[in-house]
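Taken together, the values in this text are just the output of simple stated rules run on the coordinates, not laboratory data. None of these values were measured; they are calculated from a predicted model. Every residue, glycine as well, gets a Cβ built from its backbone with ideal geometry; the counts of neighbours run over all protein chains shown.
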Amino acid sequence: MDYIRESFWRGYSFHELETANRDLHFWLDTVANRRVHGTHRQPVMERWQQEKPQLGPLPAADYDTSLKVFRKVYKDCQVSYEASRYLLPHDVVGKKVLLKVKDGTIRVFDDDRLLVSYAQAEGKHQLVANPLFYEALKADQDLQRRKYGRLKAKATRGLSIGSLFPQVMYRPLADYERLAQRGGVWNS
């Protein structure tokens with residue numbers, strides 16, 4: 001860029017863009033691309049012809065120029081970005097998610113899965129939410145209550161009351177004393 005600015009643009013004036021483009025292309029063809037480059041000591045156009053077969057195809061999609069930031073999803077199902085909060089699905093609580101911010105839109109990804117797209121909050125201390133996420137959380141809480149409720153089998157009851165082996169606290173202390181004094185094998 002310095003070469004073009006110093007060798008072509010400095011002192012050049014024009015009134016129409018078409019004229020500037022025509023003059024620049026003429027200068028590239030007659031001066032810039034014919035000069036011997038200082039790094040590889042070959043004319044620029046000759047080196048370009050050598051390199052062209054080595055170039056791969058352009059990507060199918062444009063390069064993603066979004067601002068990319070990672071945020072942890074807290075137990076309230078929200079992430080914070082620029083002093084505002086954004087509600088996410090409850091199944092990503094505790095995970096780090098990727099926020100891609102571009103042109104006033106925030107897209108949130110869990111790995112390569114797009115979770116949600118939101119318009120960026122106007123101002124600070126806003127909550128941006130999709131009410132469907134609250135409904136999904138409530139439905140999942142009802143499912144958990146049905147799955148691990150009081151009337152379920154003993155195998156899952158321990159999950160709801162916090163212990164899978166409640167019988168230990170009902171053994172008499174004399175049983176422990178007997179084992180401590182005489183030794184032996186514990187059999188229930």
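Whole-Hz Karplus values for the range 56-68 come out as x, x, 5, x, 5, 10, 5, 5, 7, 9, 5, 6, 10 Hz, taken residue by residue from phi with 6.51 cos²θ - 1.76 cosθ + 1.60 and θ = phi - 60°; glycine and proline positions read x. Scanning residues 5 or more positions from VAL116 or on other chains, those with amide H under 5 Å from its amide H are VAL108, with H placed 1.01 Å from N in the peptide plane. Among the listed pairs LYS75/LYS138; LYS95/LYS124; LYS102/LYS124; LYS72/LYS100, a Cα-Cα separation exceeding 21 Å is found for LYS95/LYS124.
Arranged from fewest to most other beta-carbon atoms within 10 Å of their beta carbon, TRP9, TRP27 become TRP9, TRP27.
3J(HN,Hα) couplings calculated from phi for the range 112-124 with the Karplus curve 6.51 cos²θ - 1.76 cosθ + 1.60 (θ = phi - 60°) are, in sequence order, 9, 8, 6, 8, 6, 10, 10, 6, 4, 4, 8, x, 10 Hz; Gly and Pro show x.
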